[in-house]
Amino acid sequence: MARRRTGSVLSEDPAKARGQILEAAERTFERFGVAKTTMDDIAKEANISRPTVYRYFSDRDTLISALIEVRSRRLFTKARAYLRRRSTFADQIVDGLIYLVDRGRADPVVRLIVSPEHMDLATALVGSSGLAARLTEEMWGPVIDAARERGEVRADRTNAEICQWIALVQLILVGRMDFGSDTDPDHRRMLTKFLVPGILTPEAAAEFGA
């Protein structure tokens, strides 16, 4: 497929310019795939020179990490609206994880940090920066805090520990959903039996049926 240019003009505002470049990157990733897209492709799509892209993003990995943040936060906005319809933390954690993984694995950029098949790339992109951990805490931290206030979370579990466990479990879920159905009731049973009891108080877990 031939690479093409658009007629876009880069903003003089640095934040807006970064946003324009990321939008161009999104279009090229969707067209060519993340692995095959080069910085030159992104520059052509944004109608700027390759050195200009490097003025805003030091390398390709930095650009991809920035785009992961943007697309993850879009997903988080939808997920939070979804979670507001769940009254207990147990329902939020079980249904929310299934919701996030199902939609995250369908996104070619977000999938880079939720899929085992991209583990090497994910480690290079976000491992050293802690991006995956920060995004997990950004999504789940406020939900966990609210559950603590309601007395649903075990006092001997920190938010960081819970988020680390959530991040590991989501990798398992991606693999299960890739080879099965996202509506398979076994996903919910697995989370209810193995994840919920490790996070919720015994009383809250028992009420949920864990």
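Miscellaneous remarks
- Remark: region 14-57 carries a charge dipole of roughly 140 debye about the Cα centre, counting +1 on each Lys and Arg Cβ and -1 on each Asp and Glu Cβ.
- Relative to the current alpha-carbon distance between residue 134 and residue 164, full extension at 0.36 nm per residue lengthens the span by 9.8 nm.
- By the rule of a C-alpha distance below 17 Å, with chain neighbours fewer than 8 residues away ignored, the aspartates and glutamates paired with residue 193 are 91, 95, 152, 184, 203, 207.
- A crude spin-label estimate for the pair residue 74 and residue 40, with each label 7 Å from Cα along the Cβ direction, gives 2.8 nm.
- The slack between residue 47 and residue 146, meaning 0.36 nm per residue of separation minus the straight C-alpha distance, is 31.1 nm.
- The lysines whose alpha-carbon is closer than 28 Å to the alpha-carbon of residue 44, local same-chain residues fewer than 8 away aside, are 16, 36.
- Amide hydrogen neighbours beyond the local backbone of residue 200, cut-off 5 Å, H modeled: 154
No value in this document is a laboratory result; all are computed from the given coordinates. Worth saying up front: this structure is predicted, and the values here are computed from it rather than measured. Using ideal geometry, Cβ is built from the backbone for each residue, glycine included, and neighbour counts are taken over all protein chains shown.
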